[in-house]
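Okay, structure first, notes after.
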Amino acid sequence: MSDLVLVLNSGSSSIKYQLLHADSGEVVASGLAEKIGEAHGGRIVHECGGRKLVHEGPIADHRDGLRQAFEMFQETGIDLTTVGVGAVGHRVVHGGEVFWEPTIVTDDVLTTIRDLSELAPLHNPANAVGIESTRELLPGIPQVAVFDTAFFHGLPDAAKTYAIDAKVAAAHGIRKYGFHGTSHQYVSEKAAEFLGRDYTELNQIVFHLGNGASASAIRGGVAVDTTMGMTPLEGLVMGTRPGDLDPGIVPHLVRVADLDLAQVEQLLNRDSGLKGLSGVNDFRELGELVEKGDAAAELAYDVYIHRLRRYLGAYLVELGSVDVIVFTAGVGENAANVRADALAGLSGLGIEVDPGRNETRTPGVRRISPEFSPVEVLVVPTNEELAIARAAHSLTA
Ligand code: ADP
């Protein structure tokens, strides 16, 4: 079976895609369709063999988005129906209690992914539509769902249980599930490979810092805690989400600030986090504001770092000892100041960042702790597409 895999990440109004070889990781083509279902601003950017095509115009729905993207493949000489795609791998956000392994999509699987929309109303419906449309457009090619929650399936009860009425929690699937699992697993495995150490012998703390952000504690290759919860709202401060929040704030917003449920959801998903505090959600823009001495941006940065350090402390204690700390995703891979500030003043715990190494950019995995430091601090570029492609390929080859 060909190792060529089409990987799709269908969001509520976007589709990210990549056609790649699962064995070598070589990317044949990639693209992003945005503003799906919106009257204005629909746009697909498609890159293939050094060529970049841009189509602008309305994209009615996910099926239309995929159809247009497939046409752009044709324009760059690739017919997806005949080029030998061995599998399509889909990122699916929530697997609930049902899915924790990459799973070949059948009608029943698709129905269950839809049913799990109760737990992930912003994500699973789009994932399901993406899968359904691809099944129609590429009949006969196996579709594989890879779940963002999977790596955290085995969280210990004490870590995954919320201290609310146990019957209510059980009736409504309320527990910590965790997200970004594909990335946490990929970079922690890469870290072990880079160090030439056995994955199952390392205790690791991973910080995945992108627009969404999460941390995890991994003991011997098994995730024992993570910051995101039943939904991706919990934990670290993110671009537009607050992370941890006193739950009493929600009824207060309804009762005193007179917000309805939709407004509260908008506030917590889109208008909080760095954006809520500083007006910008992009970390580079935040950095520019901080440089200019903008007080709101400085506070946003300080809150962001404070939260990172709080979880670092928690996970150090949970693990008892840590061998590796990993930074990944847009902010984690690029923002040297975040890495330095998150780990500042911890040499007594064996945690240090070498300033020269931290500032030096090289592609691939790199060590930013000093030579012979007891705790290895690494920057590991994440590659969720490759992890999904490999999972899909190994299931269908
Ligand atoms: P997503 O969660 O959408 O996959 P990414 O992992 O691409 O997000 O991360 C996006 C974030 O990374 C943005 O806040 C962006 O500003 C930040 N980022 C990207 N490059 C840099 C950089 N050179 N310095 C600081 N932040 C960066």
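The values are calculated or read from the model by the stated rules, or taken from the named source; none is laboratory data. Keep in mind it's a predicted model, so treat the numbers as computed, not measured. Backbone-built Cβ (ideal geometry, glycine too); neighbour counts: all protein chains shown. Surface accessibility is based on the protein's heavy atoms, side chains included, excluding ligands, DNA and RNA. Shrake-Rupley method; radii C 1.70, N 1.55, O 1.52, S 1.80 Å.
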Discussion item. With a cut-off of 8 Å between alpha carbons and a minimum separation of six or more residues, what is the relative contact order of the chain in percent?
Written reply: 15
Worksheet item: With springs only between Cα atoms under 10 Å, which of Ala262, Ala69, Ala297 fluctuates most in a Gaussian network model of the chain?
Response: Ala262
Worksheet entry | Cα convex hull volume per residue for the chain (Å³) | 157
Worksheet item: Dipole of the range 18-117 (Lys/Arg Cβ +1, Asp/Glu Cβ -1, origin at the Cα centre): which of Phe70, Leu53, Thr106 lies farthest to the positive side?
Response: Leu53
Practice prompt. Take the alpha carbon atoms of the range 1-15, find their center, do the same for the range 92-115, and report the distance between the two centers in whole angstrom.
Written response: 16
Discussion item. Under a Cβ-only charge scheme (Lys and Arg +1, Asp and Glu -1), can you give me the dipole magnitude of the chain about the Cα centre, in debye to the nearest 20?
Written reply: 200
Practice prompt. Sort the following peptides by mean Cβ neighbour count (other Cβ atoms within 10 Å, averaged over residues), highest first: 386-395, 91-100.
Written response: 386-395, 91-100
Discussion item. Using the Cα centre of the range 4-147 as the reference point, and only Cβ charges (+1 on K/R, -1 on D/E), how large is the resulting charge dipole? Debye, rounded to the nearest 20.
Written reply: 340
Worksheet item: Mind listing P(r) for the range 137-196? All alpha-carbon pairs, 5 Å bins, whole percents.
Response: 4, 15, 15, 16, 14, 13, 10, 8, 5, 1
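Using the scaling law 2.2 N^0.38 Å as the reference, what is the normalised Cα Rg of the range 1-77?
Numbers: Rg = 12.5 Å, N = 77, 2.2 N^0.38 = 11.5 Å.
With N residues counted in the range 1-77, Rg over 2.2 N^0.38 Å equals 1.09.
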Worksheet item: For the range 197-384, what Kirkwood radius comes out of the mean inverse Cα-Cα distance, in Å?
Response: 17.4
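Keeping every protein chain present and rolling a 1.4 Å probe, give me the accessible area per residue for the chain in Å². Provide the component values of the computation, followed by the final result.
Numbers: 17850 Å² over 397 residues.
Spelled out: the 1.4 Å probe surface of the chain, per residue, equals 45 Å².
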Worksheet, complete the sentence: Projected convex hull area of the range 4-147, Cα atoms, direction-averaged, in nm², equals 8.2
Worksheet, complete the sentence: Summed over the other residues with a beta carbon less than 11 angstrom from that of Asn334, with K and R at +1 and D and E at -1, the charge totals +2
Discussion item. Can you give me the C-alpha center-to-center distance between the range 70-91 and the range 160-191, rounded to a whole angstrom?
Written reply: 34
Worksheet item: Lysine pairs in the chain 8 or more apart or on different chains: how many have alpha carbons under 24 angstrom apart?
Response: 9
Practice prompt. Go through Pro355, Val379, Ala262 and say which Cα lies farthest out towards the positive end of the charge dipole of the chain; charges sit on Cβ, +1 for Lys and Arg, -1 for Asp and Glu.
Written response: Pro355
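Run through the DSSP bridge list for the range 4-147 and note the antiparallel percent, rounded to the nearest 5.
Roughly 75 percent of the beta bridges in the range 4-147 run antiparallel, per DSSP.
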Worksheet item: Given the rule -39500 (n - 2.57) for each run of at least 4 DSSP H residues, summed and divided by the residues of the chain, what is its mean residue ellipticity at 222 nm, to the nearest 500 deg cm²/dmol?
Response: -11000 deg cm²/dmol
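How many percent of DSSP beta bridges within the chain run antiparallel, rounded to 5?
On the way: 40 of 58 bridges.
Antiparallel bridges: around 70 percent, rounded to the nearest 5.
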Practice prompt. Using a 10 angstrom cutoff on alpha carbons, build the Gaussian network for the chain and name the most mobile of Gly77, Gly287, Gly221.
Written response: Gly77
Worksheet, complete the sentence: Treating only Lys and Arg (+1) and Asp and Glu (-1) as charged, each at its beta carbon, one finds that the range 273-397 has a dipole about its Cα centre, in Debye to the nearest 20, of 200
